[in-house]
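> My questions will all concern the structure given below.
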Amino acid sequence: MKRTKQCLSVAVLCLAVFGLSPAVAAVDRPNIILCMTDDQGWGDTSYLRKWFAAMLLPGLSMAKESGQVPPELTTPNYRVTQLAGIGHDAALDRQDPSNVIKVGDRYYVWYTQRRRGVHPYASTIYFATSEDGIEWQDRGEALGKGGKEEWDSFGVITPYVVVFGGKYYLYYTGTSPKGEFKSRGPDGTLRHIGVAIADSPDGPWKRFAGNPILSPVKGDNWENLLVDDTHVIRRDGKWWLYYKGGHRTIQAEDTQWGLAIGDEPTGPYVRHPANPLIGGHTVCVWPHREGVAALIDMAGPERFTVQWSSDGIHFQRAAKIPRVHTGCGPYNPDAFTDTRYGCGIAWGVAQDGNPLHIVRFDVDLTAPPEPGESHADTGQAAP
C-alpha cells in the first residue's frame, strides 16, 4: 500500500512539476508509470529528471512548440550583394535562379537566360559555378528548348535542382503555344512542369520520358492556366513539390502556391487537398527545425514576409521585411536528406534590376543546432 501511494504521488508530482496533462503526456508516447521495487532512489530526483528527459520531454517540447514560430525566423536581417559573372549585363536578361547546390568545393546555380528583347518564356536555362558564392563563371546553356511540336518547344525557364541517389534532377517550366504566346485569357498559353536528369551537375541533361510531371488542371479552378516555379524538398520519405499556380485571368501579384507529393523525384505527383496553400509568386521553401519555412516575395497579402509551418502545409507569418527579391533560390544542403531537423538557410541567390540579373541575398535564418549536434555546411563562411 505504501509503494502504491508512492507511485501515485510520483505520478501526480510529475504531472504537476513538468506541466503535463494526461492527454498531452499520452500523445505519441507509451502509457508508462514509473515504479520502483523499493524505496531506494526516491529521494534522488535525478532519476525522475533523467527518465522524463528521455521519455517525455522531447515529445512534449514538440507538442508545445508545433504551432509556435521559431524565434530565429522573426529577425531575418535580409540583405543583398551584387555578383560578378552573372550580374548586370546590358545584353542579357538573367532571372529565376535555382537553388544553390555544392559539389565538392564548387557551388552551382542554374537560371533563365535570354538576349534582351526575346520573349521571357522563349528563354533557355544556363548555369554557373563559383568557389565562394560571389565570383561566378557562366558555364553556358544547360537545357535548351524541346523539339518541334513538343510541350516545351517554345522555351524552358525557372530551374530547380535536386541531388539524390547519385543523380541530378533539373526541374523546369515549359510552354508550347498554339500560335502566338498569350500570358492569360480564355486561350492563354498553358505552362507545365517537367524534369531532366543527369549523372553530373555539368550535364548532359536527358528529359524524363514521362514529362510533363505536373500540368494545369482543367476546368474552373485556381490553377487552370499555369504551374511554375518548382521548389522540391524531401520530407517524411516523400518528395514535396511546391509550385506556383494561376488561373486564366491571374495577375502576377495574385498568384498562389500549391503542393504536390510523390514517392520518387519524377513522381507521379498528387496534389494536396489543402491547395492553394498561400499567396506568393516565385517559390522559396526549406526544411527548418521540424517544419518548413518560406520567403514570400511580391505576391499576395503576405508579400515580403518570412513564413513558418510546422507541417509544411499551414503557414503563418514569422516576420515582415521591406523586400524579398523575386526568384529567391537558397543554399540549403539538407533539402534532400529527409532531415528530421532542418538547419535553415544563411544565403542564396535571386533576381534584380533592369536588365534582370542575379544577386546574392544573405539572411540570419539558421536554426540553432540540436543538443550534441553541429550544423552541416551552410555556406556562412562565404563573404
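The values are calculated or read from the model by the stated rules, or taken from the named source; none is laboratory data. As the structure is a computational prediction, the values presented were derived from the model and not from experiment. Every residue, glycine as well, gets a Cβ built from its backbone with ideal geometry; the counts of neighbours run over all protein chains shown.
> Please tell me if T189 is buried (at least 18 other Cβ atoms within 10 Å of the Cβ), in a strand (DSSP E or B) and of a type in the set (S, T, N, Q). Quick ask: steps written out before the conclusion?
Working: buried (at least 18 other Cβ atoms within 10 Å of the Cβ): yes; in a strand (DSSP E or B): no; of a type in the set (S, T, N, Q): yes.
No, not satisfied.
> May I ask you to verify whether P265 is within 18 Å of the chain's Cα centre (by Cα), surrounded by 21 or more Cβ atoms within 10 Å (Cβ to Cβ) and in a loop (DSSP other than H, G, I, E, B)?
In short, yes.
> Could we say that G194 is crowded, with 17+ Cβ neighbours inside 10 Å and either farther than 22 Å from R248 by Cβ or assigned by TED's automatic domain parsing to the domain that holds G258 (or both) here? Give the steps one after another, and end with the answer.
Values: crowded, with 17+ Cβ neighbours inside 10 Å: yes; either farther than 22 Å from R248 by Cβ or assigned by TED's automatic domain parsing to the domain that holds G258 (or both): yes.
So G194 passes the test.
> Let me ask you something else. For T305, all conditions in the list (1) more than 30 Å from P371 (Cα to Cα); (2) of a type in the set (S, T, Y); (3) modelled with pLDDT of 95 or more hold save one; what is the number of the exception?
Exception for T305: condition (1).
> State whether one or more residues within segment 336-344 are surrounded by 22 or more Cβ atoms within 10 Å (Cβ to Cβ) and closer than 30 Å to R116 by Cβ.
no
> While we're here: I'm trying to understand the selection: among the residues of segment 314-352, which are within 21 Å of L170 (Cα to Cα), part of a loop (DSSP other than H, G, I, E, B) and not polar (S, T, N, Q)?
Once the filter is applied, which keeps residues that are within 21 Å of L170 (Cα to Cα), part of a loop (DSSP other than H, G, I, E, B) and not polar (S, T, N, Q), segment 314-352 yields G327, C328, P333, D334, A335, F336, D338.
> State which residue pairs qualify: first residue in contact (Cβ under 8 Å) with a residue 12 or more places away in the chain and inside segment 207-230, second residue assigned to a strand (DSSP E or B) and among the charged types (D, E, K, R) in any location, beta carbons under 6 Å apart, and separation of 6 or more residues or different chains.
Final answer for the pair search is L226/R191; D228/R191; D228/K244; D229/K244.
> In addition: If I filter segment 154-186 down to residues being at pLDDT 95 or above and surrounded by fewer than 14 Cβ atoms within 10 Å (Cβ to Cβ), which single residue comes out as nearest to T282 (Cα to Cα)?
Among them, the one singled out is K167.
> Taking interchain pairs and intrachain pairs at least six residues apart, which have beta carbon atoms under 6 angstrom, with the first residue in segment 72-89 and surrounded by fewer than 17 Cβ atoms within 10 Å (Cβ to Cβ) and the second part of a helix (DSSP H, G or I)?
Partner pairs satisfying both residue conditions: none exist.
> Continuing with this model, one more query. Just name the residue that is nearest to G67 (Cα to Cα) out of those in segment 306-335 that are among the β-branched types (V, I, T) and surrounded by fewer than 23 Cβ atoms within 10 Å (Cβ to Cβ).
Looking only at segment 306-335, we keep the residues that are among the β-branched types (V, I, T), and these are 306, 313, 321, 324, 326.
Still in the list and also surrounded by fewer than 23 Cβ atoms within 10 Å (Cβ to Cβ): 313, 321, 326.
Details: I313: 12, I321: 21, T326: 28 Å.
Only one residue fits best here, namely I313.
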